[in-house]
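J.: One structure, as structure tokens, below. Some questions next.
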Amino acid sequence: MFRAKTVRRAPKKPSASVSVDISGASTTTSNPGTATNTVERNSNVLSTENALSALLDAESKSAVHRPWLRLERGLRMRLLRAYVDKQTEMAQSERVDLLFALVEALDRKLLNSKSQITYNQETGEIVEINALKIIRPAESKVVFRIEPPNRSTKKVRRTSDSD
């Protein structure tokens, strides 16, 4: 209901003239000693950025050498695409269908066990997808099926003490 009264103030005037160089750092022209400090800070920032980007590059390269279960979803998708691209005996439309089936199985968590996928950690490649079944009926479209893992438990019979 009540509004606060706003007061407009005049913008602050800079005390010294400011110029911007190409690197994006601002330097003042009134004191030459601060310009060298700014350049030193810029070089420190650039070296820190370079070190950070080198660290991230090394981490992304080493991420592929983790076990299949420890890979992030994006890396798994990239490896599945590479596996589909290696299937040269298939037509392009079949490769698209295969990739769609593999991504759907990945989303349904059917490719999360070692028994489903054979993955080489040293090379960072999928060797084989054990759960993949390719059904080629006569004169119809190829069907790709990902079979879920067998999760049967062993039943243990207990002998009763009353016998």
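J.: Enumerate the aspartates and glutamates that residue 141 could reach by cross-link, defined here as Cα to Cα under 17 Å, with residues fewer than 8 away along the same chain left out.
T.: Once the sequence-local aspartates and glutamates are set aside, what remains near residue 141 is 89, 94, 97.
J.: So what are the range 68-146's ellipsoid semi-axes, whole angstrom, largest first, if each one is the square root of 5 times an eigenvalue of the alpha-carbon gyration tensor?
T.: In descending order the semi-axes read 22, 13, 11 Å.
J.: With the cut-off at 23 Å, tell me which of the pairs 86/114; 109/133; 61/133 have Cα atoms farther apart than that.
T.: Check vs 23 Å cut-off fails for 61/133.
J.: Could you tell me the largest-minus-smallest coordinate of the C-alpha atoms of the range 53-112 on each of the three principal axes, in descending order and whole angstroms?
T.: 40, 24, 16
Values quoted throughout were computed directly from the atomic coordinates according to the rules given, and no laboratory measurement underlies them. Just so it is clear, the structure is predicted and the values come from calculations on it, not from any experiment.
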